[in-house]
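S.K.: Take this structure, written in C-alpha cells, and hold onto it; I'll ask about it next.
The values are calculated or read from the model by the stated rules, or taken from the named source; none is laboratory data. A quick note: this is a predicted structure, and the numbers were derived from the prediction, not measured. Note that each Cβ is placed from the backbone with ideal geometry, even for glycine, and that neighbours are counted across all protein chains shown. Heads up: the accessible areas ignore ligands, DNA and RNA and are worked out on the full protein's heavy atoms, side chains in. Shrake-Rupley method; radii C 1.70, N 1.55, O 1.52, S 1.80 Å.
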Amino acid sequence: MTGYSGIVVHHGELQVVARSARDLVPWTQEHGMRANWELVPPGRRPVVEDELVEEVERSQGTDSAVTFGFPVAYFLAHTAFSI
C-alpha cells in the first residue's frame, strides 16, 4: 500500500502588518498570493493594485500601519508504504 493516512487539515489566518496599504501590495505579489496575481493579465495589474489599496484604506484608514488577514492552510499526514 502507498499513500498517506491520518490526514489532518489546519486552517488559520496570517496577520500581515505593513507600513501602508501601498506597501502591502508587494507582499501579496511575492508570497502566498503570487499565484493569484499571475492570473491577472499584466496590463490590468496596476488597476487591481489600486483597487486593493483603496479597499484597505477604506477599511483601515491612511494614517498608520495596516493589518490585513490572509487565509492559510496546511496539511499533516503519515506516509503509508510497504517495502
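S.K.: How many residues are loosely packed, with under 14 Cβ neighbours inside 10 Å and of a type in the set (Phe, Trp, Tyr) when one looks only at the stretch 58-76?
M.R.: Summing the residues that are loosely packed, with under 14 Cβ neighbours inside 10 Å and of a type in the set (Phe, Trp, Tyr) in the stretch 58-76 gives 2.
S.K.: Examine the stretch 11-25 for a residue that is at pLDDT below 95, open to solvent by 100 Å² or more (accessible area, probe 1.4 Å) and assigned to a helix (DSSP H, G or I), and state whether such a residue exists.
M.R.: yes
S.K.: Moving on. Out of the stretch 41-51, which residues are of a type in the set (D, E, K, R) and open to solvent by less than 100 Å² (accessible area, probe 1.4 Å)?
M.R.: Once the filter is applied, which keeps residues that are of a type in the set (D, E, K, R) and open to solvent by less than 100 Å² (accessible area, probe 1.4 Å), the stretch 41-51 yields Arg45, Glu49, Asp50, Glu51.
S.K.: Across the stretch 58-72, what is the total count of residues that are on the phi < 0 side of the Ramachandran plot and not in a strand (DSSP E or B)?
M.R.: Residues meeting the conditions: 7.
S.K.: Being of a type outside the set (Phe, Trp, Tyr), assigned to a helix (DSSP H, G or I), open to solvent by 100 Å² or more (accessible area, probe 1.4 Å) and free of Cβ contacts under 8 Å to residues at least 60 places away in the same chain narrows it down to one residue among Glu55, Glu38; which is it?
M.R.: None of the other options fit; the residue is Glu38.
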